[in-house]
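All remarks here apply to the structure that follows.
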Amino acid sequence: MSSDSSSLDHASRGRILLVAHNFPPTSGPESGLVRLNTLDLLRRGWRVSVMTTTMDHMHQGVDRSMLDNLPADLEIIRTPSYDAVLRKRWPRLARVVLTILHYWLLPEVFLLWLFSAVPAGRRWLRQNGPAIIYSRATKHASNVTGWFLKRTTGLPWVAHMSDPWLGWPLNRFQDWLGSLCERRIFRDADAIVFVSAKLADHVLKPYPWVRSKVRVIPHGYAPLNKPPSLPTGAGTRPLRALHAGSFAAGLREPGTLFAGLALLNKRRPLAGRIEVMCVGEDTVRYQGDVDALGLAGVVILRSSVPFSECQTMIDSADLLLVIDSPGHGGMFLPTKLIEYLPYERPVLGLAEPESTVHELLRECDLDFADLRSPEHIAGAFERLLERWDRAEWGVSMKMKEAAVNYRIDRVNERLDELFLSLVQPPK
């Protein structure tokens, strides 16, 4: 917590029903972010209860280590998401039903969670009295659930939007249904939180009347339990670079990263100079591309690891990599970029110029390469390798000072103020 955390007026806080389809032990960045925000709100004196799902999901694994250090008395209401129920109990039927729903009917198949989440949320609110409803997407089932609870109870509701309606291209019916849900969320929420200004601009193009409700609050990181371990041996061993995070076909892919490394490898062989590890879901599927480019001795692809192990890998890397999603107006703020900051490591971000990622890298005095240009990426790696070979490795004081602004207790001061404004009468 920040140095002024002891002055928080805990007596003024109230109850929050946090609605999040993703929560530990579900793995993935959104689950980690909801966990982090829950712990921060609890520290501030809010009485938080979490409503989430029970079973494994279609596209996500389970990481039980993410349950570590959650308070034993934290109330977690778990209700089944019926896409997962179908997949587990009737797998053959699920393949047919979920395929139809996913490709033809629903903008998001996780909307099946509504059938259990909405009744459970209504019961909880009846039994526990007034609370702020705080729904968190990337899974928009969370915000649609929040809308139903708002319509039933009239209680204050904050909807969190970290992504637009994404996934497979939507047909006309899915687009209509998604837009219908989105419009009602924006109409009835008391406030809407976006993680970047560019994301808000993109999503709100059809809804200019929503602007007065918008708050831009980026992701935050948890302070480390101990000082980061500083890289040693610069210039005497290969540079160890790490990309921690999943790839997604058509959204976030490593093609230009590999192409840039291949260009540099032709000028001067990289084997023995740099080792680039990519760890996360859907990484190993690119092994053929690595081999075809002659990078088998340079790039290592590894499947997902538990969150705690991934953080250890970040702490032992020399250079941290982040890859943005091209062609979307630079609106995304990758979770891993924020999680990298407390480790005080050089970071190379592959993004489009003037994107949200580029702006944050510039603010924190970190390195940037144009995601669209393998030549630009090769040049960025070449400069970093020259610094490594000269043993001129580390980050600037500007980076350390700017990074502190993304610590969760700093970031969530704005969220705390928003919640207080919803429970306290105006002066």
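Looking at the structure I just gave you, is Ser135 in the same structural domain as Thr26 (by TED's automatic domain parsing), among the hydroxyl-bearing types (Ser, Thr, Tyr) and in a helix (DSSP H, G or I)? So Ser135 does not fit the description; no. Just one residue in the set Glu182, Glu108 is of a type in the set (D, E, K, R), under 19 Å from Val34 (Cβ atoms) and in contact with a Phe, Trp or Tyr (Cβ under 8 Å, 6 or more places away or on another chain); that residue is Glu108. For residues that are closer than 14 Å to Ala241 by Cα and touching a residue at least 40 places away in the same chain (Cβ under 8 Å), scanning just segment 345-356, find the one that is surrounded by the most Cβ atoms within 10 Å (Cβ to Cβ). Among them, the one singled out is Leu350. Suppose the filter is in a helix (DSSP H, G or I), closer than 21 Å to Pro169 by Cα and not small (Gly, Ala, Ser); does Val118 pass it? No. Candidates in segment 1-44 are the residues that are within 16 Å of Glu75 (Cβ to Cβ) and assigned to a loop (DSSP other than H, G, I, E, B); of these, the one that is modelled with the highest pLDDT is Ala20. Of the residues making up segment 368-406, those that are under 23 Å from the mean Cα position of the chain (by Cα), in a helix (DSSP H, G or I) and crowded, with 19+ Cβ neighbours inside 10 Å are Met399, Ala403, Tyr406. Just one of the numbered conditions (1) surrounded by 19 or more Cβ atoms within 10 Å (Cβ to Cβ); (2) without any contact (Cβ under 8 Å) to a residue 24 or more places away in the chain is not true of Gln174: (2).
Residues considered: Ala141, Ala131, Ala120. Of these, the only one that is in contact with a Lys or Arg (Cβ under 7 Å, 6 or more places away or on another chain) and of a type in the set (Gly, Ala, Ser) is Ala131. Condition check: surrounded by fewer than 17 Cβ atoms within 10 Å (Cβ to Cβ) and not in a helix (DSSP H, G or I). Does Gly297 satisfy that? It is true that Gly297 is surrounded by fewer than 17 Cβ atoms within 10 Å (Cβ to Cβ) and not in a helix (DSSP H, G or I). Scanning segment 178-199 for residues that are touching a helix residue (DSSP H, G or I) at 6+ places or on another chain (Cβ under 6 Å) and either crowded, with 22+ Cβ neighbours inside 10 Å or outside the structural domain of Val144 (by TED's automatic domain parsing) (or both) turns up Ile185, Ile192, Phe194, Ser196. The residues in segment 167-193 that are under 17 Å from Thr138 (Cα atoms) and in contact with a Lys or Arg (Cβ under 7 Å, 6 or more places away or on another chain) can be counted, and the count is 4. Of all residue pairs spaced 6 or more apart or on separate chains, those with beta-carbon atoms under 9 Å, a first member in segment 193-216 that is more than 18 Å from Pro334 (Cα to Cα) and a second member that is among the polar types (S, T, N, Q) are Pro206/Ser179.
What do you reckon, is Leu93 farther than 19 Å from His140 by Cα, surrounded by 14 or more Cβ atoms within 10 Å (Cβ to Cβ) and either in the same structural domain as Gly28 (by TED's automatic domain parsing) or at pLDDT 90 or above (or both)? No: the conditions fail for Leu93. The set of residues in segment 328-351 that are at pLDDT 95 or above, in contact with a Leu (Cβ under 6 Å, 6 or more places away or on another chain) and assigned to a loop (DSSP other than H, G, I, E, B) comprises Arg345, Pro346. Might you let me know whether segment 316-325 holds any residue that is under 16 Å from the mean Cα position of the chain (by Cα) and either modelled with pLDDT under 95 or part of a loop (DSSP other than H, G, I, E, B) (or both)? Yes, that holds for at least one residue. The residue of segment 361-379 that is farthest from Pro228 (Cα to Cα), among those that are of a type outside the set (D, E, K, R) and without any contact (Cβ under 8 Å) to a residue 40 or more places away in the chain, is Gly379. Suppose the filter is within 22 Å of Arg47 (Cβ to Cβ), assigned by TED's automatic domain parsing to the domain that holds Leu177 and either in contact (Cβ under 8 Å) with a residue 12 or more places away in the chain or charged (D, E, K, R) (or both); does Tyr103 pass it? Considered against the rule, which asks whether it is within 22 Å of Arg47 (Cβ to Cβ), assigned by TED's automatic domain parsing to the domain that holds Leu177 and either in contact (Cβ under 8 Å) with a residue 12 or more places away in the chain or charged (D, E, K, R) (or both), Tyr103 comes out as no. Filtering Thr145, Thr53, Thr138 for residues that are closer than 19 Å to Asp188 by Cβ and surrounded by 18 or more Cβ atoms within 10 Å (Cβ to Cβ) leaves a single hit, Thr145.
The values are calculated or read from the model by the stated rules, or taken from the named source; none is laboratory data. Quick caveat: nothing in here was measured; it's all calculated off a predicted structure. No Cβ is skipped: glycine too gets one built from the backbone with ideal geometry, and neighbour counts run over all protein chains shown.
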